[in-house]
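First the structure, in the form of structure tokens, and then the observations on it.
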Amino acid sequence: FKSFNPFNKLNNEISDYVNAKQIEIDELKRMESFRREFLADVSHELKTPIFAAQGFVHTLLDGAKDDPSVAKRFLKKAAKSLDGLDALVRDLVVLTQVETGDIKMNFEIVDIVSITEDIFEQLENKADKRGIHLKIRPKAIKECAVVADAQRIYQVLTNFIDNGIKYGKENGKVSVEFEEFEEHFLITVEDDGPGIPKDHLARIFERFYRVDKSRSRETGGTGLGLAIVKHILNAHKSSINVTSTPETGTRFSFTLSKGI
Ligand code: ADP
């Protein structure tokens with residue numbers, strides 16, 4: 001027979017309360033440092049295209065405008081920087097929405113093969129410019145019905161295919177492959193480009209992480225594409241996998257549940 005000590009009960013309650021408060025404080029600290037880092041990253045990223053456009057416009061005003069060929073070149077560069085700024089702000093809005101869960105996913109049954117065909121049509125010119133061939137495997141596949149938000153999955157696939165075109169090797173290929181399993185399809189986007197070095201692979205889904213900053217900017221990249229992709233696929237309860245072999249290429253795979 002154990003004697004009942006009312007102070008033990010009180011002590012336990014107090015220590016539970018203190019532990020719960022400590023967890024809340026830790027979470028608030030984590031959010032605050034995330035917010036501070038995010039703001040620092042964003043200001044840094046915004047500065048690059050703003051400074052560039054500013055520089056070109058001031059040089060034009062300081063006299064470059066009087067030489068028509070120089071003026072045209074500088075105006076084009078200023079316009080490219082402003083386009084980059086526009087893309088960055090648009091991606092930031094989407095990233096913030098997907099990160100905070102502000103976007104409601106609109107799940108329906110969609111055919112992922114026809115989505116891929118639409119994206120190929122849209123990116124054909126860009127691929128042609130680098131001599132890159134876009135293809136669907138297996139050739140015979142006509143339809144894959146999955147449960148997804150059509151618009152968001154369009155964005156995910158566009159990002160993977162567009163990256164294959166941007167970072168793949170010239171005159172190479174980007175292929176999208178569909179594999180059927182009992183409850184899901186596995187979708188793989190593969191290129192035969194120079195690949196992603198092993199020590200960078202784990203970080204490419206982080207916002208603003210780029211293996212080669214100048215190459216990403218030159219191709220109009222914001223460094224936010226894969227961060228957005230990760231959130232959209234998480235909302236689809238999809239698992240993503242990336243493998244890359246130097247000089248052989250990169251493969252991004254993800255799953256989507258089957259529509260019955
Ligand atoms: P970005 O706007 O820079 O393309 P992403 O988030 O889409 O941003 O990609 C992050 C980085 O991952 C890219 O800057 C690039 O360095 C690397 N990357 C993504 N896809 C590929 C690929 N298929 N081949 C080689 N590198 C890639």
Is one or more of the residues making up the range 212-231 surrounded by 13 or more Cβ atoms within 10 Å (Cβ to Cβ) and in contact with a strand residue (DSSP E or B) (Cβ under 6 Å, 6 or more places away or on another chain)?
no
If I141 meets every condition in (1) more than 30 Å from K77 (Cα to Cα); (2) of a type outside the set (F, W, Y); (3) modelled with pLDDT of 95 or more apart from one, which number is that one?
(3)
Identify the residue in the range 1-45 that is at pLDDT 90 or above and among the basic types (K, R) and, among all such residues, is farthest from the chain's Cα centre (by Cα).
K21
Looking only at the range 241-260, count every residue that is under 17 Å from I112 (Cα atoms) and part of a strand (DSSP E or B) and tell me the total.
7
Would you confirm whether or not the range 148-168 contains a residue that is surrounded by fewer than 19 Cβ atoms within 10 Å (Cβ to Cβ), near the ligand (Cβ under 10 Å from one of its atoms) and either at pLDDT below 95 or more than 21 Å from K104 (Cα to Cα) (or both)?
no
Return a yes/no flag: does the range 106-120 have any residue that is of a type in the set (G, A, S), without any contact (Cβ under 8 Å) to a residue 60 or more places away in the chain and open to solvent by 40 Å² or more (accessible area, probe 1.4 Å).
yes
Candidate set from the range 188-219 (those that are modelled with pLDDT under 90 and either hydroxyl-bearing (S, T, Y) or touching an Asp or Glu at 6+ places or on another chain (Cβ under 7 Å) (or both)); member that is nearest to the ligand (Cβ to nearest atom):
S216
Among the residues of the range 107-114, is there at least one that is among the aliphatic types (A, V, I, L, M) and either closer than 24 Å to K166 by Cα or under 20 Å from the mean Cα position of the chain (by Cα) (or both)?
yes
Does A127 satisfy the criteria of being near the ligand (Cβ under 7 Å from one of its atoms), open to solvent by less than 30 Å² (accessible area, probe 1.4 Å), outside any loop (DSSP other than H, G, I, E, B) and at pLDDT 95 or above?
no
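Scan the range 72-82 and give yes if some residue there is open to solvent by less than 40 Å² (accessible area, probe 1.4 Å), touching a residue at least 12 places away in the same chain (Cβ under 8 Å), small (G, A, S) and assigned to a helix (DSSP H, G or I), otherwise no.
Scanning the range 72-82 turns up at least one residue that is open to solvent by less than 40 Å² (accessible area, probe 1.4 Å), touching a residue at least 12 places away in the same chain (Cβ under 8 Å), small (G, A, S) and assigned to a helix (DSSP H, G or I).
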Could you pull out every one of the helices (runs of 4 or more DSSP H) wholly within the range 133-240 that has 2 or more residues that are within 11 Å of the chain's Cα centre (by Cα)?
150-167, 225-235
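The values are calculated or read from the model by the stated rules, or taken from the named source; none is laboratory data. From a predicted model like this one, the values you see are computed outputs, not experimental measurements. Note that each Cβ is placed from the backbone with ideal geometry, even for glycine, and that neighbours are counted across all protein chains shown. When the accessible area is computed, the model is the full protein with side chains, heavy atoms only, and any ligands, DNA or RNA have been set aside. Shrake-Rupley method; radii C 1.70, N 1.55, O 1.52, S 1.80 Å.
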